[in-house]
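What follows is a short report on a single structure.
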Amino acid sequence: MLPLIRSADPVLRDGYTDLIKSRFKLRAQTVRQLLRETDRPRKTTAFGRRPKTARERSESEGWHSEGGHNTDDEDYAPGVGLKGEVLEDTDHYYILGRRGEPVTISSFQIEPVRRVATDAGDIIDADVTTTGGRVYRGVRFPREAWHSKRHLLRVLKSADMLWTGSDDNVQGVLKLVAERDVPAMRGIMNLGYAEIGGEPIWVVPESVVGPEGAALPDDVLFVDSGDALHKRLRRLDPIDPAVEAATAALVLPKLLELNTPEVILPILGWFFAAPLKPRIHKALGHFPILCVWGTQGSGKSSIVMEVFWPLMGIRSAEPFSATETEFALLKLLSSTNSVPVFIDEYKPFDMPRYRRNTLHRYMRRLYTGEVESRGRADQTVVSYRLHAPLCLAGETRPIESALVERIVTSNPSKDTLPDRPEMVRAFQKLKTVDLGLLNRGILRHLLARDTTADLAVATRVVEGTLAGREVPLRIKDNLIATVSGLLHFEGYAGSLGVRLPELDVAALVAAQCDDLLESGGRTVKTGLDYFLEILSSLAVSGGIQHNRQYTYSSGQLALHVASCHAAYAEHCRRIGYEGEVLDKKALVRQLQENHRRGGYVTEVSRATTFGTRGDKRRAAFIDLEAVKRLLDVDDFPQDEPSSAGGYGGGWHDD
Ligand SMILES: Nc1ncnc2c1ncn2[C@@H]1O[C@H](COP(=O)(O)OP(=O)(O)O)[C@@H](O)[C@H]1O
Ligand SMILES: [Mg+2]
């Protein structure tokens with residue numbers, strides 16, 4: 001009987017359906033399912049076809065009757081199939097109601113024109129036709145547009161695009177759209193450096209440049225994700241070679257006059273290396289973060305924003321701030337592998353702890369280009385490759401040893417500019433020039449360089465300058481990356497016949513070692529080193545006292561660890577020092593570690609007498625002369641200060 005009913009006129013069939021329902025006490029759904037049985041295999045063929053015209057549909061009233069040859073199920077309403085199944089017309093989508101009647105769920109129809117494969121999933125570009133007869137061309141549907149109706153409507157902003165379907169129906173529409181045969185393209189979302197068919201190119205939103213002045217292949221397309229950095233990049237328009245040469249002749253030597261070699265060379269080298277970060281990273285396994293740090297008014301923001309950013313094609317604009325939201329930072333730092341990103345106002349003490357920790361984690365990951373994953377509200381996980389070259393500026397630099405090994409520093413002083421009017425003049429002169437004129441030429445020069453050869457030369461230069469001095473491997477690599485940038489700079493100048501003075505690489509290397517390493521040492525400063533420097537200043541200010549927290553005799557400084565640590569921790573809290581504050585356990589561990597290495601700790605814990613009252617306590621013994629050679633530490637006063645110091649007398653011998 002079922003086949004008979006299946007092929008019956010819809011009106012009749014509805015009647016039979018009701019009859020069967022009451023006769024066999026079945027639910028309407030079950031009956032519908034029974035009636036559908038033979039229909040299943042054909043369902044898939046309903047998708048992926050050209051849209052029917054309104055006339056075709058009204059003629060058939062069915063849902064996949066366009067062939068018209070299957071008379072047995074031609075007029076059949078399935079109701080349910082794949083959850084959310086949707087049918088389409090030329091200007092809208094519809095579903096079938098309980099009785100198989102069409103229920104319109106949109107006032108538009110999406111006709112894909114191309115599909116773009118990107119790292120963030122497939123993008124579909126489509127023309128959208130509305131019931132009102134309007135056609136919106138080239139509407140871009142990112143992957144997430146199909147997550148829900150809310151997401152879909154975010155793309156369909158126009159008031160005449162209405163949607164009354166469910167989230168599942170959105171998936172149904174995606175199925176229809178995805179099954180269309182449209183040209184497939186590859187999309188580049190990353191800003192800056194890319195390699196296509198082995199050829200290096202540089203991509204910004206509105207233009208592309210290669211060593212030979214390239215264009216993207218026909219099947220490759222830049223996809224503007226509209227991030228903060230995109231809007232700041234200037235077009236790479238060709239420049240009259242004579243104009244470029246004249247500009248370079250003026251600008252390049254002036255760059256070196258902006259500040260002392262120790263200050264300007266790390267910045268210059270880093271910025272001229274950054275566009276080739278992907279290649280340098282590939283060769284070395286990492287790329288340093290540039291930290292420009294120093295007091296207010298020392299010129300940090302001006303040098304980067306008004307000189308080096310424009311040279312690298314970034315329109316002078318507000319810097320990014322270290323206090324951007326976590327998500328904004330993540331997007332920013334994953335939007336490029338090579339366009340230098342500048343984050344200003346790094347103030348670790350003023351940031352909430354979790355924000356600082358997040359930023360520091362990003363920095364560690366940037367160094368090796370790791371991926372950061374984030375869950376989304378809809379349970380999916382998005383991965384962000386943190387790989388931007390990052391320049392950070394602030395009044396301090398990070399001091400955690402894990403970060404210190406990952407940075408190149410430049411430490412301008414506020415006192416330099418007032419004393420050196422020629423530096424101020426150089427800066428003012430540069431401000432009169434459109435530095436962006438050089439951007440295209442610099443990039444073309446860099447793309448054409450032989451990075452393997454450059455790194456080999458840079459390695460020789462760095463090793464020659466270090467002259468046998470051992471430094472941590474990462475610090476050496478960071479120097480090599482920076483020096484390779486200086487080679488790029490010299491090479492670019494040379495290519496335009498611009499003569500430059502000799503670059504003082506020795507000053508660059510010495511400044512890095514002085515800032516980042518214990519002086520004369522081979523390792524980055526440890527928390528213990530900072531602990532001793534802070535204790536030294538506390539001893540001078542009376543914050544800790546002879547014969548109470550420490551004693552000194554014949555070159556040996558004995559520290560009562562518990563009370564010294566209490567004073568140090570209290571001091572750090574008081575001044576808001578939220579760098580790496582060691583807890584007591586970590587401090588003891590570092591004392592032991594230093595002792596084991598044969599460092600300045602001569603004894604980790606030995607009983608000794610404090611003061612004249614025969615107060616005997618265990619203390620750690622430090623070779624003060626050795627410490628003074630390595631660190632910024634002075635003699636610890638040996639006289640009892642006249643007034644009891646300390647912070648509110650809040651701590652005592654324990
Ligand atoms: N050679 C120079 N380098 C940087 N800034 C300079 C130089 N010469 C003069 N200036 C001026 O010095 C000031 C530096 O201020 P700013 O860049 O805001 O410093 P910071 O960011 O370190 O606080 C700016 O007004 C800038 O125009
Ligand atoms: Mg500033």
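The values are calculated or read from the model by the stated rules, or taken from the named source; none is laboratory data. The structure presented is a predicted model; accordingly, all values stated were derived computationally and were not measured. Reconstructed Cβ throughout: ideal geometry from the backbone, glycine too, with neighbour counts over all protein chains shown. Heads up: the accessible areas ignore ligands, DNA and RNA and are worked out on the full protein's heavy atoms, side chains in. Shrake-Rupley method; radii C 1.70, N 1.55, O 1.52, S 1.80 Å.
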For segment 527-630: accessible area per residue (Å², 1.4 Å): 45 Å²
ALA184-ARG98 FRET efficiency (beta carbon distance; Förster radius 51 Å; 0.05 resolution): 0.85
With every protein chain in place, segment 241-516: carbon and sulfur % of accessible area (1.4 Å): 52 percent
Distance (nanometres) between label positions extended 7 Å along Cα→Cβ at ALA506 and THR325: 5.3 nm
Cβ-derived FRET efficiency at R0 25 Å, ILE196 paired with ALA453, nearest 0.05: 0.65
Semi-axis lengths (Å, descending) of the ellipsoid that matches the C-alpha gyration tensor of segment 88-191: 24, 14, 13
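On a 1.4 Å probe surface of the protein chains, which of HIS387, HIS230 comes out largest in accessible area, and what is the full order?
Values: HIS387 35, HIS230 5 Å².
In descending accessible area the options line up as HIS387, HIS230.
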For segment 527-630: Kirkwood Rh in Å [reciprocal of mean 1/r, alpha carbons]: 13.8 Å
Hydrodynamic radius of segment 241-516 per Kirkwood, over alpha carbon pairs, in Å: 18.9 Å
Label point distance in nm, ASP168-ARG114, each placed 7 Å from Cα along Cα→Cβ: 3.6 nm
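Using heavy-atom solvent-accessible surface (probe 1.4 Å) with all chains present, what is the largest-first order of LYS175, LYS282, LYS429? Spell out each step's value before the answer.
Values: LYS175 60, LYS282 170, LYS429 90 Å².
Most to least solvent-accessible, the answer reads LYS282, LYS429, LYS175.
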Modelled FRET efficiency - R0 56 Å, ARG606 with VAL424, Cβ distances, 0.05 increments: 0.50
Magnitude of the charge dipole, segment 527-630, Cβ model with Lys/Arg +1 and Asp/Glu -1, debye to 20: 380 debye
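Can you tell me the length gained on complete extension of the stretch GLU470 to GLN638, counting 0.36 nm per residue apart and subtracting the Cα distance? Walk me through the numbers before you get to the answer.
Values: separation 168, 0.36 × 168 = 60.48 nm, distance 3.58 nm.
Stretched out fully, the GLU470 to GLN638 stretch lengthens by 56.9 nm.
Between ALA317 and ARG376, what is 0.36 nm times their sequence separation minus the Cα-Cα distance? Round to one decimal in nm. Write out the running numbers ahead of the final one.
On the way: separation 59, 0.36 × 59 = 21.24 nm, distance 3.09 nm.
Gain in length upon complete extension: 18.1 nm.
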Contour excess over end-to-end distance, with Cα ends at GLU257 and ALA242 and 0.36 nm allotted per residue: 3.0 nm
Average accessible surface area per residue within segment 263-317, 1.4 Å rolling probe, Å²: 23 Å²
Accessible area in square angstrom per residue, segment 341-462, 1.4 angstrom probe: 44 Å²
GluC sites (Glu not before Pro) lying in DSSP loop within segment 466-544, provided at most 12 other Cβ fall within 10 Å: GLU470, GLU502
